[in-house]
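Asker: Attaching a single structure in structure tokens format; questions to follow.
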Amino acid sequence: MGKFVAIYQNYADAAVLYGGSYRVDYPLNNVRDLDIGRVARTSNPATSSAVIIADLGASRLVGGVVVGPTNQSPGSTYRIRASSFSDFSTLVYDSGIQTVAGSTMNWSNTSLWLAWEDPGFWFGIPDVFDLALVPVWATTILPTSAFARFWKIEFFDSLNADGYIQFGRLVIGRAWRPAHNYDYGGEFSCEPIYRRVEAVGGRRTDADLGRRRGYRLTFSNLPDSDLFNDVFRMRQYTGASKQVWVSADPDDSDNFQKRSFLATFKSPPPIVQANLDIGSTVIDCEEVI
Amino acid sequence: MYAYLLEVEAYVGEQDPWIMSSGVWDDNAVWDDEGVWLDEPEANPGVETLYLATHTIATRPTETPANKLYDGRIVETGNFSRSLISQGRLGRASDSWGYIELANTDGGLDSWLDYGFDGRPFIIKSLPVQGMPVTQATTLFRGTIAALESGNAADTLRLRIRDRLAELQVPLLTVRYAGTSVSTGLGVEGDADLQDQLKPRVFGAAPNVQPKLVNKYDLLYQVSVGMVSLITVYDGAAPLTNIGDYPVLSSMMAATVAPGEYVTCYALGIFRLGGTPVFVITADVVEDADDLSAAAVAGRILDLLDISADDRDQDSFDTLAASSPAQVGLFVDAETNALELITQVLGSSAAIIPNTEGIFQVVGLAEPVAANTAGELTFRDLAEGGSFSFGVGPDDAGVPAWSVVLNWGRVWQTMTEGQIAGVVDLARRTYLASQWRQATSEDASIKTKHLLASQITADTLLTLQADAQAEAARILGLYSSRRDMLSFPTDSDRAPYDLGEVVTVTLPRFGYDDGRPMLVVGKHIDADKAVTTLDLWG
């Protein structure tokens, strides 16, 4: 099991974005819009078209790169490279070829097996993709943060059935990886969004408008190096309005998409001083939909 | 229901046709070797369709519209009301007002403040399921933007909306006399006395209208700017002799006409007298049309407003014309709005109102019968806030009517004794002294049960006694028994019924146990709560 991670302070929002080929009506800069539905859409699914290069203006300490929601095909791949040079002649980081997490079936995990009638059974596609239960994100959490100005993301999905690849948001930010994982009792919520009409006789009719995931996780016994570096920076920068990308367990590839999402804080994480150099905080956030 | 979609037209300013709306140079521009544009695009008239929704939705290339982004800014979808009740009277369509509220906290819509929205069309659609192509969204309401407004533009903007009935609330007559006919042979525009007065128009058959003297030097009179099929002229109510009709003004002017005679130009609605009149000149006029029924006349009024065939439900007009073929007559020479005139023409038999698609339709007001029912509403469908009114009628009495008196056969210019020539007989003198004739239908047995049973009196534009008598009997049939008005709120998915449809209502009380057919006379949609309240009469 991996530890919770939060990607915050999105440098991509102020970056110069270029590369690839995008439709005029869905330009690449749409990934800087806070609305994840305002997508950037490639002109075609060719590998040469599905490229994002971000010039952060200066070298920045980056702990994670997230692109999505995306319509990438299950099992399709991507690659992220970072460099201090625009020609990427010398790399600071190279993810290698990555598969979109959780997009292919892990047959060794019998709990996830599909019934053979499921549409995805024959193609090894998990039901989270079949039913579009959650938005899908192409995510790379760097093992250790990298310091680079130019970041290049390439997508390899030239047979995409939609005839294009699209992304709602690009996050290139710092990563908070707490010294200790969250406490027992963390809450992973699902808020239904709906309108209900109740007849006089009690019969209810609902307009189902969607779901919003949320986390309320308590982190105890954190050292000051956590609390007054990443936690402090994250809450001051993010407040209640800026977006942060969270994953409760980035190592859980089977359930990665279910447990990870773009969020805003319901309230910025408090820093509770328990003892000398020891404290706690709470991540209370809800999904951006 | 998953999302609401809004498509609204706006004037955003004329743009260089080679620059796309996104501000990007159009790479598809084609030039020849000398730098001349080939395949030059049409000039952009400056009007664009803007796309918004309750969720941000990016359409696929295969959808219609293709590759469009519906910006997820709708905060409140608003309320939409359409009703066949206005000022307490069943059959008079009422205008619908509401608003759509849009998020603007980020200033994303600040540029809209310079756009022109008023009078432009919009459509609200409902998308049932996430991921469903927007092509499959169903139209909830199509109407007209009244204005863009806000009391708090930093956070929200509001599109004030109304239904297309507003397009009928304009003066029907707009053409006025120029006042340039100041001597003989100078046309039919009247002189200073007539200048800027509206040119009259006749629909159907209108007896004894007072024509406009459009050239007093040539004794030219006009009864209608539309083509007519008959003009019978009277001097002091005594008929003059028509010696011929001419297709154009010049040939009519060339004709020799003796005193006591007249010639006509039906194409222009004009006649010329052979001698100076002694008394008041009046005329019986018949419009040049095959069908003089109320539905047909209403249709021709829509024609004058440039409401095209695509914008009207012709089947509803044809159905009404078939069920109510009675001839009507209307003479208009004042600044009356078109909706008021159509309402007068349709009288008690029907009302005009746009349907949910914004298409104008006439809805017949007939007794709801079970055989025509389009669906059923039960107690299980009834949401909070309903109301039940029993014993409603066309007036405030609240009890059934025992008598209906319809005024018919309107004389458009009544005449007193001093205005009538001596040769006119007593019967015609009596006829011209009264604006209306009356047709009565009564059922005295109603008063056995209802001691306060009312009498309905109403004006019509019917021109024949038999038609008026039949209509009086029909109305008595509608209002001589108990009639209820239900305000029935329910989940919007349970209320697909439109105005004029019949719904069977089954409730455990009020005598509704076995179901009662009711006519939908009002529909009020609260889109945000997903509640629709139907006004049901029957």
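Asker: Using modelled amide H (1.01 Å from N, peptide plane; none on Pro or chain starts), what sits under 5 Å from the amide H of A:Asp254, excluding residues fewer than 5 places away?
Answerer: Residues meeting the criterion, in which the H sits 1.01 Å from N, do not exist here.
Asker: Starting from the Cα of A:Thr144, step 7 Å along the direction of its Cβ; do the same at A:Lys242; then give the gap between the two resulting points in nm.
Answerer: 2.6
Asker: Give me the percent relative contact order of segment A:187-287, please, defined on Cα pairs under 8 angstrom at least 6 residues apart.
Answerer: About 30 percent, as a whole number.
Asker: About the Cα centre, and with charges only on the beta carbon of Lys, Arg (+1) and Asp, Glu (-1), how big is the dipole of the protein assembly as shown? Nearest 20 debye, please.
Answerer: It comes to approximately 2000 debye.
Asker: What number comes out for the charge environment of B:Gln195, summing +1 per Lys or Arg and -1 per Asp or Glu over other residues with Cβ under 14 Å away?
Answerer: Residues close to B:Gln195 contribute a combined charge of 0.
Asker: Over chain B, what relative contact order in percent results from Cα pairs under 8 Å that are six or more residues apart?
Answerer: Once divided by the residue count of chain B, the mean separation gives 13 percent.
Asker: What dipole magnitude, in Debye to the nearest 20, does segment A:159-207 give about its Cα centre under +1 on Lys/Arg Cβ and -1 on Asp/Glu Cβ?
Answerer: Here the size comes out at about 120 debye.
Asker: Given H placed on each backbone N at 1.01 Å, which residues far from B:Thr378 in sequence or on other chains put an amide H within less than 5 Å of it?
Answerer: Result for B:Thr378 returns B:Thr506.
Asker: Students often get this wrong, so check it: of B:Lys68/B:Lys125; A:Lys258/B:Lys125; A:Lys242/B:Lys68; B:Lys125/B:Lys529, which have C-alpha atoms separated by over 23 Å?
Answerer: A:Lys258/B:Lys125; A:Lys242/B:Lys68
Asker: From a point 7 Å beyond the Cα of A:Arg79 in the direction of its Cβ, which residues of segment A:20-53 have a backbone N at a distance under 16 Å?
Answerer: Backbone N within reach: A:20, A:46-53.
Asker: Okay, next question. Ballpark to the nearest 100 Å², how much total accessible area do A and B bury together, probe 1.4 Å?
Answerer: Its buried surface, counting both partners, is about 2100 Å².
Asker: How much net charge surrounds A:Arg38 when only other residues with a Cβ under 10 Å from its Cβ are counted (Lys, Arg +1; Asp, Glu -1)?
Answerer: It works out to a net charge of -1.
Asker: Starting from the amide H of A:Leu142, placed 1.01 Å from N in the peptide plane, find each other amide H under 5 Å away whose residue is 5 or more places distant or on another chain.
Answerer: HN-HN under 5 Å from A:Leu142: A:Gly64, A:Val65.
Asker: What full-extension length gain, to one decimal in nm, is calculated for B:Arg429 and B:Ile243 as 0.36 nm per residue of separation minus the Cα-Cα distance?
Answerer: 64.4 nm
Asker: Using all alpha carbons of the protein assembly as shown, what is the percent of pairwise distances in each 20 Å bin, ordered from the shortest bin to the longest?
Answerer: With 20 Å bins starting at 0, P(r) equals 12, 32, 28, 18, 9, 1, 0.
Asker: Give me the number: length gained by fully extending A:Asp251 to A:Asn229, i.e. 0.36 nm times residue separation minus the C-alpha to C-alpha distance, one decimal in nm.
Answerer: Net length gain for the segment: 5.5 nm.
Asker: Which order do B:Thr184, B:Thr356, B:Thr49 take by accessible area at a 1.4 Å probe, largest first?
Answerer: These residues rank, largest area first, as B:Thr184, B:Thr49, B:Thr356.
Asker: What does the net charge come to around B:Thr532 if you take all other residues with beta carbon closer than 14 Å to its beta carbon, with K and R at +1 and D and E at -1?
Answerer: Within the 14 Å Cβ shell, the charges total -4.
Asker: Efficiency by 1/(1 + (r/R0)^6): what FRET value for A:Arg216 and B:Asn67, r their Cβ-Cβ distance, R0 = 41 Å, to the nearest 0.05?
Answerer: With R0 = 41 Å, the Cβ-Cβ based efficiency is 0.55.
Asker: Follow-up question, since we're still on this one. Size of the dipole of segment A:187-287 about the Cα centre, Lys and Arg at +1 and Asp and Glu at -1 on the beta carbon, nothing else charged, in debye to 20?
Answerer: Dipole size: approximately 640 debye.
Asker: I'd like the chymotrypsin sites (Phe, Trp or Tyr not before Pro) in segment B:437-538 restricted to DSSP loop residues with at most 16 other Cβ atoms within 10 Å, sorted by number.
Answerer: Qualifying residues, ordered by number: B:Phe510.
Asker: Further, regarding this structure: Given a Förster distance of 30 Å, report the FRET efficiency between A:Arg204 and B:Glu48 from their Cβ-Cβ distance, rounded to the nearest 0.05.
Answerer: For R0 = 30 Å, the calculated efficiency reads 0.15.
Asker: State the answer as a single residue: which of A:Ser241, A:Gln257, A:Tyr194 lies farthest towards the positive end of the charge dipole of segment A:187-287, with beta carbon charges of +1 for Lys and Arg and -1 for Asp and Glu, about the Cα centre.
Answerer: Final value for the positive-end residue is A:Tyr194.
Asker: Loop-only GluC sites (Glu not before Pro) in segment B:377-453, please: DSSP not H, G, I, E or B, and at most 13 other Cβ atoms within 10 Å.
Answerer: The qualifying sites are B:Glu384.
Asker: Another question, then. Between A:Asp162 and A:Asp183, what is 0.36 nm times their sequence separation minus the Cα-Cα distance? Round to one decimal in nm.
Answerer: Result for the pair: 3.3 nm of gain on full extension.
Asker: Rounded, prolate or oblate: which one fits chain B, using the alpha carbon gyration tensor with axes a ≥ b ≥ c (rounded when a/c is under 1.5, else prolate when a/b beats b/c, else oblate)?
Answerer: Verdict is oblate for chain B.
Asker: Sticking with this structure for a sec: Go ahead and run the numbers for FRET between B:Thr139 and B:Thr276, Cβ-Cβ distance against an R0 of 45 Å, rounding to 0.05.
Answerer: It comes to 0.15.
Asker: Spin-label point model (7 Å from Cα, Cβ direction): what's the B:Arg437 to B:Leu305 distance in nm?
Answerer: For B:Arg437 paired with B:Leu305, the spin-label model returns 3.1 nm.
Asker: Run the simple label-point estimate for B:Glu14 and B:Gln169 please: 7 Å along Cα→C-beta, distance reported in nm.
Answerer: Distance between the two pseudo-spin positions: 3.3 nm.
Asker: Quick check: with the 1.4 Å probe, what order do B:Asp381, A:Asp35 take by accessible area, largest first?
Answerer: A:Asp35, B:Asp381
Asker: Excluding residues fewer than 8 places away in the same chain, name every one of the aspartates and glutamates whose C-alpha is closer than 12 Å to that of B:Lys216.
Answerer: Here the aspartates and glutamates satisfying the reach criterion relative to B:Lys216 are B:Glu189, B:Asp191, B:Asp193.
Asker: Cα gyration tensor of segment A:147-260, axes a ≥ b ≥ c as square roots of the eigenvalues: rounded (a/c below 1.5), prolate (a/b > b/c) or oblate?
Answerer: The shape class here is oblate.
The values are calculated or read from the model by the stated rules, or taken from the named source; none is laboratory data. Remember, it's a predicted structure, so these values are computed and weren't measured experimentally. Please note: Cβ atoms are built from the backbone with ideal geometry, for glycine as well, and neighbour counts cover all protein chains shown. SASA here: full protein model, heavy atoms, side chains in, ligands and nucleic acids out. Shrake-Rupley method; radii C 1.70, N 1.55, O 1.52, S 1.80 Å.
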